[in-house]
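Worksheet for the structure shown next.
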Amino acid sequence: MKLPRLLFSLLLSLTLWSAMAMASNVSYDSRSLIIDGQRKLLISAAIHYPRSVPGMWPNLVQTAKEGGVDVIETYVFWNGHEPSPGNYYFGGRYDLVKFVKIVEQAGMYLILRIGPFVAAEWYFGGVPVWLHYVPGTVFRTENEPFKYHMQKFTAFIVNLMKQEKLFASQGGPIILAQIENEYGYYEKDYGDGGKQYAMWAASMAVSQNIGVPWIMCQQFDAPESVINTCNSFYCDQFTPIYPNKPKIWTENWPGWFQTFGARNPHRPAEDIAYSVARFFQKGGSVQNYYMYHGGTNFGRTSGGPFITTSYDYEAPIDEYGLPRLPKWGHLKQLHRAIKLCEHIMLNSERINVSLGPSQEADVYTDSSGACAAFIANMDDKNDKTVEFRNVSYHLPAWSVSILPDCKNAVFNTAKVGYQSSVVEMLPESLQPSVVSPDKSFKGLKWDVFVEKPGIWGEADFVKNGLVDHINTTKFTTDYLWYTTSIFVGETEAFLKNGSSPVLLIESKGHALHAFVNQELQASASGNGTHPPFKLKTPISLKAGKNEIALLSMTVGLQNAGSFYEWVGAGLTSVNITGFNNGTIDLSAYNWTYKIGLQGEHLGLYKGDGLANANWVSTSEPPRKQPLTWYKVIVDPPPGDEPIGLDMIDMGKGLAWLNGEEIGRYWPRKSPTHGCVKECNYRGKFDPDKCNTGCGGPTQRWYHVPRSWFKQSGNVLVIFEEKGGDPLKIKFSRRKITGVCAIVAENYPSIDLESWPEGNGSNNTIATVHLRCPEGTHISTVNFASFGNPTGSCGSYTQGNCHDPNSTSVVEKVCLNQNKCAIELTEEKFNEDLCPSVPKKLAVEAVCS
């Protein structure tokens, strides 16, 4: 009797969990980690618990496990856990213990990167903002206040993990812990204090006695008490400082982060697989994808500045929790191929064999004669055929073939046969809630509150000159009002000749809206590579007194760099040109300041603020109006798919659902140049190599977790800074609507899951495998071509060799099936059509 797959997986996880519940000994030598006497090659996946919600955690962990992952890695986010000195928070998205236990229950290991400085494109690098204002504090150097608070928090986390028995030495899943993060890049900038601090950090960590090894990443002078590790797109050439340490790759970046207004970076699956295969080929032992699931920078947690609310990272699991195909599937097959070699690789010496000027094999042979090999073609332009052990192997440019028996190439990094998905954002108009308290409105009832530009209520303070934004707000809000006034005499020429004076503003960052006499005049901002900016705009002034109100905004906080905590924001000079007597410099004027928005102080974003008297109800909310709060009560979108909030027709601002912070929205457009139509995976990757999205918004949709929705009565609140059209706001369901794949006859066709039961035979037939999401089936075949089709998913085209029966062959096998497999055989297709042409089969189908 066969157990159902889910039940079998659950029983297997429980078995592994029970085994892990016994105390484990984690040690290492130069070759690998050794857990309870067993050497391990480990595939790790970064999933940051605050960047998703607890309801998503089990599925994210399980999807990683199904992808061939052994270990989950996460940072610990200090400023999320200690929002004020000595006050700790571990609820909601910050329930670290719950997250670690979910990993444990899945039968997986965990790497805990405590930091507590983490960078991570997270605001202030994870360090609490309040610590910057503790007198005498300088971050990340030989500084007593910083060291005191860092050690206190590190010990707090360590003790929490010990209390819950979560270290492997106690029977838990944590096999490695990290102190500090990429400090080697900046240590020299701190002089002697940098070296002293790095050595202190290592010593302090080791003194915690956690029973598992400590690591330091990108720490080029790490002491022997810890393992130094590599972060890069490629770490195959990395060598640990000490010869008794294993080769560990803590961050392999399978994509890259985004900043508002920038293009969308992509890293091809072929190149990621190449980098991983090369790492293990060259003796690597632990490899971690940063990120495997990037998630979302909810609220105001993004760093940068200018990091987007989405932290999707083009990771193998997307922001919404869906496997990104074919990347997830291609890497799953890679992991399986590597694991087939694990025992031999960990119990034998590596021998390098040259096969050409840019081609080589690394061969592992154990004492029994069992053999595994990795054959690499490092040429980034030319395919090559090499001879290895009297057999010819075709190697595409920039690829690695894996031979678990030194004979059969079961996987090649450049040959992606795993299916792709067609993923769509299906729009759903906002639907009025059945529990809406006011039935006099047909359709949606909108509540509106408009902020007054400038000072509301009592001013916070008045001062001559311009102040630093961050030092003033201490990041309690994104917003700071700078206000002053000028008197314009009736004799000014611009009042008579129709010319306009010009407002000139310089700012350290990050963004600004300029108002004169309550009217928005212009907006300006920096960007992710250069936060400072200048604003030059004509303005309208009247005779007499004129109110100048400048709303300065932060868009995340600096998260890395030497002395990064001292990087400021806000206005540095304000001038107006065009007066009879020349330019008026307002920089040293008397300025009145107000921290935050009135709506923030009133708590308009709270889900329970329904009876707030400040709202004005209407069925026609104002459009293109700045400084406007909108509230609407809606039902959840139908179905169970993940949800994104479509803000393409809004300007810039913040959004909440039921009091939960969705985050900053800003559909800022990227430059119209610098993108590629097709990415060439060959050659070393950098974040600007394969950009897309030129001319479009960097981020259109904003993830709203399903668990945040109630059955009805959901309160959606928007604060719009510069003007948009709230009637065009929509929810969108993220849904897989189709699948596609393209496979060539020469693709590895061994069933990796059944190896070596298949007797190592490589005579199986290349096959296209298609699978729709559970509960759906293949309803239509949009494209099928056996011959020499080209293109990618969604844009396949027939070549000059095409079997006209392709579609009918595929339909016969696949229609109305949840999954199907189409072999590239003569029996099914007419191979006599063009016998000299290497054959491929491309298929695109609809799932419904």
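Residue 363 falls short on exactly one of the conditions (1) open to solvent by 50 Å² or more (accessible area, probe 1.4 Å); (2) more than 35 Å from the chain's Cα centre (by Cα); (3) modelled with pLDDT of 95 or more, and that condition is (1). Here residue 482 passes the criteria (1) outside any loop (DSSP other than H, G, I, E, B); (2) under 26 Å from residue 259 (Cβ atoms); (3) among the aromatic types (Phe, Trp, Tyr); (4) open to solvent by 10 Å² or more (accessible area, probe 1.4 Å) except the one numbered (4). When the stretch 479-526 is filtered for residues that are more than 25 Å from residue 462 (Cβ to Cβ), over 34 Å from the mean Cα position of the chain (by Cα) and not β-branched (Val, Ile, Thr), the ones remaining, listed by number, are 490, 492, 493, 494, 495, 496, 497, 498, 499, 500.
For the stretch 337-344, does any single residue satisfy the condition of being within 30 Å of residue 422 (Cβ to Cβ), of a type outside the set (Lys, Arg) and surrounded by 24 or more Cβ atoms within 10 Å (Cβ to Cβ)? Looking for residues that are within 30 Å of residue 422 (Cβ to Cβ), of a type outside the set (Lys, Arg) and surrounded by 24 or more Cβ atoms within 10 Å (Cβ to Cβ), one finds at least one in the stretch 337-344, hence yes.
Which condition does residue 242 not pass, out of (1) farther than 27 Å from residue 358 by Cα; (2) touching a residue at least 40 places away in the same chain (Cβ under 8 Å), if it passes all the others? It is condition (2) that residue 242 fails. When the stretch 579-602 is filtered for residues that are touching a helix residue (DSSP H, G or I) at 6+ places or on another chain (Cβ under 8 Å) and part of a loop (DSSP other than H, G, I, E, B), only 596 remains. For the stretch 518-578, the strands (runs of 3 or more DSSP E) that sit wholly inside it and include 1 or more residues that are surrounded by 20 or more Cβ atoms within 10 Å (Cβ to Cβ), in contact with an Asp or Glu (Cβ under 6 Å, 6 or more places away or on another chain) and modelled with pLDDT of 95 or more are 544-553. Selection over the stretch 63-108 of residues that are under 23 Å from residue 217 (Cα atoms) and either open to solvent by 20 Å² or more (accessible area, probe 1.4 Å) or free of Cβ contacts under 8 Å to residues at least 24 places away in the same chain (or both) gives a count of 1.
Among the residues of the stretch 370-384, those that are farther than 22 Å from residue 752 by Cα and either open to solvent by less than 40 Å² (accessible area, probe 1.4 Å) or assigned to a loop (DSSP other than H, G, I, E, B) (or both) comprise 377, 378, 379, 380, 381, 382, 383. Residues that are assigned to a loop (DSSP other than H, G, I, E, B), in contact with a Gly (Cβ under 6 Å, 6 or more places away or on another chain) and at positive phi are absent from the stretch 385-396 altogether.
Among the residues of the stretch 131-142, those identified as buried (at least 18 other Cβ atoms within 10 Å of the Cβ) and not hydroxyl-bearing (Ser, Thr, Tyr) are 131, 132, 139, 140, 142. Taken together, the residues in the stretch 30-62 that are part of a loop (DSSP other than H, G, I, E, B) and open to solvent by less than 10 Å² (accessible area, probe 1.4 Å) amount to 5. Scanning the stretch 210-266 for residues that are open to solvent by 10 Å² or more (accessible area, probe 1.4 Å), within 24 Å of residue 681 (Cβ to Cβ) and small (Gly, Ala, Ser) gives 232, 262.
In the stretch 750-848, which strands (runs of 3 or more DSSP E) lie fully inside it and hold 1 or more residues that are open to solvent by 40 Å² or more (accessible area, probe 1.4 Å), under 18 Å from residue 418 (Cβ atoms) and touching a residue at least 60 places away in the same chain (Cβ under 8 Å)? The qualifying strands (runs of 3 or more DSSP E) are 767-771, 840-847. Among the residues of the stretch 171-206, those identified as of a type in the set (Gly, Ala, Ser) and either in a loop (DSSP other than H, G, I, E, B) or touching a Lys or Arg at 6+ places or on another chain (Cβ under 7 Å) (or both) are 171, 172, 191, 194.
The values are calculated or read from the model by the stated rules, or taken from the named source; none is laboratory data. Not measured: the values here are computed from a predicted model. Heads up, the Cβs are rebuilt from the backbone with ideal geometry, glycines too, and the neighbour counts pull from every protein chain shown. Surface accessibility is based on the protein's heavy atoms, side chains included, excluding ligands, DNA and RNA. Shrake-Rupley method; radii C 1.70, N 1.55, O 1.52, S 1.80 Å.
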